[in-house]
Amino acid sequence: MKTLLSLTVMLCSLSAHAVYFDVIGPCSKKPLYAGVFITDTSDSAGKISIDIFEANKIPYIGSADGIAMIANSPIGLDAMEVLSDTKMRAHGWCFSVNGVVPDALASKTYLASQDDYISWFYAYSTYDRGVWSDYCTPTYKIKPQEFCK
């Protein structure tokens with residue numbers, strides 16, 4: 001029995017690794033939260049993110065697919081920035097792994113190694129006359145007055 005327990009603990013520890021994470025808000029490049037988290041790297045970036053938020057008591061609304069709110073950030077209509085009659089910016093949360101924004105949901109994105117870095121950052125896309133652009137551009141680069149008083 002002791003041998004089985006020891007073997008189980010060893011096998012579990014082989015799949016558990018540390019990943020780095022941060023959460024960057026709308027007004028500063030300085031992270032609101034940052035750290036190292038021990039996890040199973042076979043889980044998706046979305047699952048790992050939810051585990052990080054819950055373990056660190058970071059308030060959020062969302063799921064492993066994606067995050068709508070972190071740390072009481074603006075959501076819904078409060079996250080829209082009207083620039084003119086034809087142009088607006090829609091703000092929300094994007095994520096990157098090792099500085100690259102994947103073309104997939106967080107629940108469909110997997111880490112390659114224990115040295116990977118998951119970053120959630122408040123970002124915007126611009127809508128102008130029926131065309132979307134500027135996907136996942138960090139909001140802190142423009143510091144909108146509505147969010148950064």
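Evaluated at 4 °C with a viscosity of 1.567 mPa s, what Stokes-Einstein diffusion coefficient in µm²/s does the range 32-83 have when Rh comes from the Kirkwood expression over alpha-carbon pairs? If you can, show how the numbers build up before the last one.
Values: Rh = 12.3 Å.
Here the translational diffusion coefficient equals 105 µm²/s.
Could you work out how much longer the chain between F37 and E54 gets when fully extended? Use 0.36 nm per residue separation minus the Cα distance between them, nm to one decimal. Please list the in-between numbers first.
Working: separation 17, 0.36 × 17 = 6.12 nm, distance 1.15 nm.
Here the segment from F37 to E54 would lengthen by 5.0 nm.
On a full-extension model of 0.36 nm per residue, what is the gain between K30 and A104, subtracting their alpha-carbon distance, rounded to one decimal in nm?
On the way: separation 74, 0.36 × 74 = 26.64 nm, distance 2.57 nm.
Length gained between K30 and A104: 24.1 nm.
Have a look at V19, Y33, A68 and report the one farthest towards the positive end of the charge dipole of the chain, computed about the Cα centre with Cβ charges (Lys/Arg +1, Asp/Glu -1).
Going by the Cα projections, it comes out as Y33.
Give the aspartates and glutamates reachable from K149 as a straight Cα distance under 20 Å; neighbours fewer than 8 places away on the same chain don't count.
Cα-Cα hits under 20 Å: D78, E81.
Pairing the Cα long axis of helix 2-15 with the longest principal axis of the chain, what angle in degrees results, from 0 to 90 and rounded to the nearest 10?
The answer is roughly 30 degrees.
Can you list the HN-Hα couplings for the range 29-42, worked out from phi with the Karplus curve (6.51, -1.76, 1.60; θ = phi - 60°), rounded to whole Hz and with x for Gly and Pro?
Karplus-based 3J(HN,Hα) across the range 29-42 equals 6, 5, x, 6, 9, 7, x, 10, 9, 7, 8, 8, 6, 7 Hz.
Please report, in cubic angstrom per residue, the volume enclosed by the convex hull of the alpha-carbon atoms of the range 56-105. Could you put the intermediate results ahead of the total?
Values: hull volume 5.8 nm³, N = 50.
Enclosed volume per residue, from the Cα hull, is 115 Å³.
Place a label point 7 angstrom from the Cα of T86 along the Cα-to-Cβ direction, then list the residues of the range 111-137 whose backbone nitrogen is under 16 Å away.
Within reach of a label on T86: 126-133.
Please report the spacing between the Cα centers of the range 42-92 and the range 95-149 in Å, no decimals.
The range 42-92 and the range 95-149 have Cα centres separated by 10 Å.
Once phi is turned into θ = phi - 60°, what whole-Hz ³J(HN,Hα) does the Karplus curve with 6.51, -1.76 and 1.60 give for every residue of the range 88-98, x standing for Gly and Pro?
8, 10, 9, 9, x, 9, 10, 9, 9, 10, 6
Compute the orientation-averaged projected area for the chain from the convex hull of its Cα atoms and round it to one decimal in nm². Kindly include the intermediate steps, with their values, before the conclusion.
Working: hull surface 40.1 nm².
Over every viewing direction, the Cα hull of the chain projects on average to 10.0 nm².
A short reminder: the numbers here are calculations on the coordinates, not readings from a lab. In this text, all values refer to a predicted model and were calculated from it rather than measured experimentally. No Cβ is skipped: glycine too gets one built from the backbone with ideal geometry, and neighbour counts run over all protein chains shown.
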